[in-house]
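A.B. asks: Before I ask anything, here is the structure I am working with.
Read-outs: derived from the displayed coordinates by stated rules, not from any lab. In this text the structure is predicted, and so the values were computed from the model without any measurement. Please note: Cβ atoms are built from the backbone with ideal geometry, for glycine as well, and neighbour counts cover all protein chains shown.
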Amino acid sequence: MYSQGLIGADSSTTESEEFLKTFQARVDREEKIEPNDPMPEGYRRTLVRQIGQHAHSEIVGMLPEGNWITRAPSLRRKIALLAKVQDEGGHGLYLYSAAETLGVSREQMTEELLSGKAKYSSIFNYPTPTWADIGAIGWLVDGAAIMNQIPLCRCSYGPYARAMIRVCKEESFHQRQGYEIMMTLAKGSDEQKEMAQDALNRWWWPSLMMFGPSDTESTNSDQSMMWKIKRFSNDELRQKFITATVPQAEYLGLSVPDPDLEWNEETKLYDHGEIDWAEFKAVVKGDGQMNRDRLRARNKAWDDGAWVREAALAHAEKRANRQPLAQEAAE
Ligand SMILES: [Fe+2]
Ligand SMILES: [Fe+2]
């Protein structure tokens, strides 16, 4: 699911076994790796790719929900949704800063997103035709994000781990606002309940795909586990998510659209039906319903914001030029 973009294209470094061993020993001792510490090039590149994709996902993730801000059904819903979408923007900025500590520039990352070279979570390439989608996204998509991100609070790379602690707190608010929307709809009129069920039907499988390819297919997993970037495998996290979410669906009186879903007494987890990996791959490749729309919207926002960037730069320059004068006056 990962692309090799401009970022981290240099793989020419040769690292001694001694160096790699010392690094691994630090990781094994659960020491945090900080920006200026020596680190293997592969470790740095894996993190740049992962944190970059994560940042892009937060930013693109603002679009499907931002689409509903002007149409939220009440003032209270509008305030909550506005706050949530703003949080996601903040998460993106946090994460771009964390990636910058690894020697990649914000401009480079932005360029890769806008040109379509960098990936972001495929979940945001699905459309949001009804208000119930906003409920389902908060409940399922933010719910899946939490499941993925809680272990990242213990990631071996310090800046990423610390960013995740705050992000996770905000994600749990997002999950609750989504679930509350679902609860209201599920207890409402027949039509509202139907809307909620329809949203669950459409978002269930894409949410499961958020955990990435199954363990047998995931090429980046083993090394990331060894470096303690990842703490659980994709399939483990997916099953944990299902197990936490099924009772929540039952409470809503909605049914999970998987006829093969079954409680496994031995593992104490739910076993699930076959995931449509062909769909997953198509969406990752750019053939999701909304891929082109999302990139068009991001590019438009970037172009429309050019004057803000220019004004901010001009202002900064003016201030920099003014400083020596102020100092002179003080002398
Ligand atoms: Fe977020
Ligand atoms: Fe969120």
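A.B. asks: Okay, helix-only estimate at 222 nm for the chain: each DSSP H run of n ≥ 4 adds -39500 (n - 2.57), divide by all residues, round to 500 deg cm²/dmol; what do you get?
C.D. replies: Numbers: 14 runs with 204 residues, N = 331.
Result for the chain: -20000 deg cm²/dmol, rounded to the nearest 500.
A.B. asks: Given Thr46, Ile69, Ile181, which one lies farthest toward the positive end of the charge dipole of the chain, if we put +1 on the Cβ of every Lys and Arg and -1 on the Cβ of every Asp and Glu?
C.D. replies: Most positive-ward Cα: Ile69.
A.B. asks: Related question: If amide H atoms are built 1.01 Å from N in the plane of the peptide, which residues on other chains or at least 5 residues away come under 5 Å of the amide H of Ile33?
C.D. replies: Tyr157, Gly158
A.B. asks: Let me ask something else. Given charges of +1 on the Cβ of Lys and Arg and -1 on the Cβ of Asp and Glu, with all other atoms neutral, how large is the dipole of the chain about its Cα centre, in debye to the nearest 20? Could the numbers behind the result be given before it?
C.D. replies: Values: 40 positive and 50 negative charges, 223 e Å.
Around 1080 debye, computed over the chain.
A.B. asks: Could I ask something else about it? If packing is taken as the average count of other Cβ atoms within 10 Å, what order do 228-235, 305-312, 274-281, 134-141 fall into, highest mean first? Please report the intermediate quantities before stating the final value.
C.D. replies: Numbers: 228-235: 19.4, 305-312: 9.9, 274-281: 13.2, 134-141: 27.2.
Packing proxy ranking, top to bottom: 134-141, 228-235, 274-281, 305-312.
A.B. asks: Projected onto the charge dipole of region 229-331 (+1 at Lys/Arg Cβ, -1 at Asp/Glu Cβ, origin at the Cα centre), which of Val284, Ser233, Gly273 gives the Cα projection farthest towards the positive end?
C.D. replies: Going by the Cα projections, it comes out as Val284.
A.B. asks: With +1 on each Lys and Arg Cβ and -1 on each Asp and Glu Cβ, how big is the dipole of region 39-174 about its Cα centre, in debye rounded to the nearest 20? Provide the component values of the computation, followed by the final result.
C.D. replies: On the way: 15 positive and 13 negative charges, 45 e Å.
Computed charge dipole of region 39-174: roughly 220 debye.
A.B. asks: Springs between alpha-carbon pairs under 10 angstrom, Gaussian network model over the chain: which of Thr14, Thr130, Thr46 fluctuates most?
C.D. replies: Thr14
A.B. asks: Next up: Can you tell me how much longer the chain between Glu274 and Cys168 gets when fully stretched, taken as 0.36 nm per residue apart minus their C-alpha distance, in nm with one decimal?
C.D. replies: 35.2 nm is the gain from fully extending Glu274 to Cys168.
A.B. asks: May I pose another question? Check which residues have an amide H placed less than 5 Å from Tyr270's amide H, if you skip close sequence neighbours.
C.D. replies: The list, which skips near neighbours in sequence, is Thr243, Asn264.
A.B. asks: Right, next: Of Asn36, Ala163, Val308, which is farthest along the charge dipole of the chain in the positive direction, counting Lys and Arg as +1 and Asp and Glu as -1 at C-beta?
C.D. replies: Most positive-ward Cα: Val308.
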